[in-house]
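> Here's a structure for you.
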Amino acid sequence: MAGAVRIRGLVKDFGPRRVLAGLDLDVADGEFVALLGRSGCGKSTLLRILAGLDDEVEGTFSVPERVSVAFQQPRLLPWRRVWRNVSLGLRGVGRQKDRHRSIAEKALGEVRLADHADAWPLTLSGGEAQRVSLARALVREPELLLLDEPFGALDALTRLAMHHLVEQLWREHRPAVLFVTHDVDEALLLADRVVVLDEGRIVAEHRVDLPRPRRRASFADLRSEVLSNLGVDDVEAA
Amino acid sequence: MSISTAGVVVRPENAAAARAPALKQRKWPDLRRWLSPLGLVLLWQAASSTGVLPPDKLASPVTVFRSAYELVVDGQLVDAFLVSLSRVAVGFAIGAVVGGVLGLASGLSRWGERLLDPPVQMLRTLPHLGLIPLFILWFGIGEEPKLALVAAGVAFPLYLNLHAGIRQTDPALLEAARVLGYTRLDRVLHVVLPSAVPQTLVGLRIALGTAWLSLIVGEQVNADAGIGYLINNAREFLRTDVVVVGLLVYALLGLTTDALVRALERRVLRWRAR
């Protein structure tokens, strides 16, 4: 299996603080990897480095040619209609301009927002805007999709719907996914593999061999194990 | 007086008020609000008719209205109007180019900001209307000092707001564009400049208000045509009616340009809709 991501000895310092301390990580093509950790453990930093937003690092890493990112905030351009925000993702992919609209509409259909193509972003709800942001990320047909706590700012009900949507989109498009979150349930619901990060290195790794779609009850044991990796006692399991 | 033109134009928060829920009420203007202005005009007319207000202090509304009609019919007002309008247009164009180029340079480049911003910030603290004596010494008493005054009044607010608008660009949006493969030039065109538009339009409205104010002051200096000339000429003959007509035209012009910018705002900033 060829790797989508290959990271060796990645070191990143912010002044005197070492955020990533010689990290090694591989993600296979089409693999869904969740990156768990407390705030400040370096997981978002790692994502930013892979996205090309931070290049002052030591060590080596390789990512595929087409990488997409969905951030915690949707980051849509408010002065562009929804479909034009989606077609922003086509930049550098080399498709003809006149086809952009139909490609964008198809992508919006996949996130169930086909009838919002001509809306302005500021008229959307938080969940809708985040779905547009997902459509923009997927329209490039990325080989690697980086998700930086994309549901962190959404309410609980919208989150549940988004989990389902992301799983479905991942199955259809099959990008490798690196999913940063601090929600253990979310990670165990979606990921093939859960990687726990602490103080800039990987402290635990769990393969989640459970059939999809998963139910929370099916991973109770794994959940308390991951929580203990994170230094939290699982009261529910006790 | 002339200040009222500026007072109407300089308030950027009007834009916010027009945007939000006020829209509904706007369709049905409250006619009761016209009672007191109308009453004041009637009072003014009564004071003039009874001789309490002598015509060499202030002409009656009816006289003002009649003179306005006569000035329009004999073409004087139209000629003066066109001269003043073209002064504002040319001065505004010069000021807009200067303010725009400087604003872009210091907004988009760190070195541009380092080199340009300090002197511009220092100069803007000078009340530009106080520059008339210097402008007369530099440019004489023809058209040039008037245009220069208007241009100076336009360049500063436009510079300040364009610069601020560019600097306010959300870094998160720039990052999002960067990961989508947008080059620096692309990011300026698609992210930085569009996000500077709202603030720039605020600057544009302030600039237009200042442009009219500058024109009014500039036209006090040896004008041989234009509305300022009409007013000064009328003063020599104690024609308070013509003075008032001139002032009303100034006010009307200020309001019209302000309304134009508002219309432009509504069109360009549609995306801000509720």
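The values are calculated or read from the model by the stated rules, or taken from the named source; none is laboratory data. All values derive from a computational prediction rather than experimental measurement. A quick note on method: Cβ atoms are made from the backbone with ideal geometry, for glycine too, and the neighbour counts reach across all protein chains shown.
> Restricting attention to helices (runs of 4 or more DSSP H) lying wholly within the stretch B:123-190, give those where 2 or more residues are surrounded by fewer than 19 Cβ atoms within 10 Å (Cβ to Cβ) and in contact (Cβ under 8 Å) with a residue 60 or more places away in the chain.
Passing ranges, in order: B:132-139.
> Right, another one. Quick one: A:L190 ticks every box in (1) of a type in the set (A, V, I, L, M); (2) crowded, with 21+ Cβ neighbours inside 10 Å; (3) closer than 14 Å to A:G37 by Cα bar one, so which box is it?
All conditions are met except number (3).
For every residue, the table says whether it meets (1) under 23 Å from B:V242 (Cβ atoms); (2) touching a Leu at 6+ places or on another chain (Cβ under 7 Å); (3) at pLDDT below 90; (4) surrounded by 11 or more Cβ atoms within 10 Å (Cβ to Cβ).
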| position | (1), (2), (3), (4) |
| --- | --- |
| B:P29 | no, no, yes, no |
| B:L43 | yes, no, no, yes |
| B:P55 | yes, no, yes, yes |
| B:F65 | yes, no, no, yes |
| B:V72 | yes, no, no, yes |
| B:S86 | yes, no, no, yes |
| B:A93 | no, no, no, yes |
| B:G100 | no, yes, no, yes |
| B:R114 | no, no, no, no |
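> Being in contact with a Phe, Trp or Tyr (Cβ under 7 Å, 6 or more places away or on another chain) and modelled with pLDDT under 90 is the filter here; which residues of the stretch A:97-145 pass it?
A:R101
> So, one more: Do any strands (runs of 3 or more DSSP E) entirely within the stretch A:28-90 hold 1 or more residues that are more than 14 Å from chain B (Cβ to nearest Cβ) and either crowded, with 23+ Cβ neighbours inside 10 Å or at pLDDT 95 or above (or both), and if so, which?
In the stretch A:28-90, the matching strands (runs of 3 or more DSSP E) lie at A:32-36.
> Any chance the stretch A:5-13 includes a residue that's free of Cβ contacts under 8 Å to residues at least 12 places away in the same chain, over 26 Å from A:V139 (Cβ atoms) and either among the hydrophobic types (A, V, I, L, M, F, W, C) or away from chain B (no Cβ under 14 Å) (or both)?
Yes, there is a match, as at least one residue in the stretch A:5-13 is free of Cβ contacts under 8 Å to residues at least 12 places away in the same chain, over 26 Å from A:V139 (Cβ atoms) and either among the hydrophobic types (A, V, I, L, M, F, W, C) or away from chain B (no Cβ under 14 Å) (or both).
> Could you tell me which numbered condition A:R140 fails, if it satisfies all but one of (1) more than 16 Å from the chain's Cα centre (by Cα); (2) surrounded by fewer than 24 Cβ atoms within 10 Å (Cβ to Cβ)?
Among (1) more than 16 Å from the chain's Cα centre (by Cα); (2) surrounded by fewer than 24 Cβ atoms within 10 Å (Cβ to Cβ), the lone unmet condition for A:R140 is (1).
> Please verify whether B:W212 is free of Cβ contacts under 8 Å to residues at least 24 places away in the same chain, more than 13 Å from chain A (Cβ to nearest Cβ), assigned to a helix (DSSP H, G or I) and not basic (K, R), treating the condition exactly as stated.
no
> Which members of the stretch A:117-135 meet the condition of being without any contact (Cβ under 8 Å) to a residue 60 or more places away in the chain, within 14 Å of chain B (Cβ to nearest Cβ) and not in a loop (DSSP other than H, G, I, E, B)?
A:P121, A:L122, A:T123, A:A129, A:V132, A:A135
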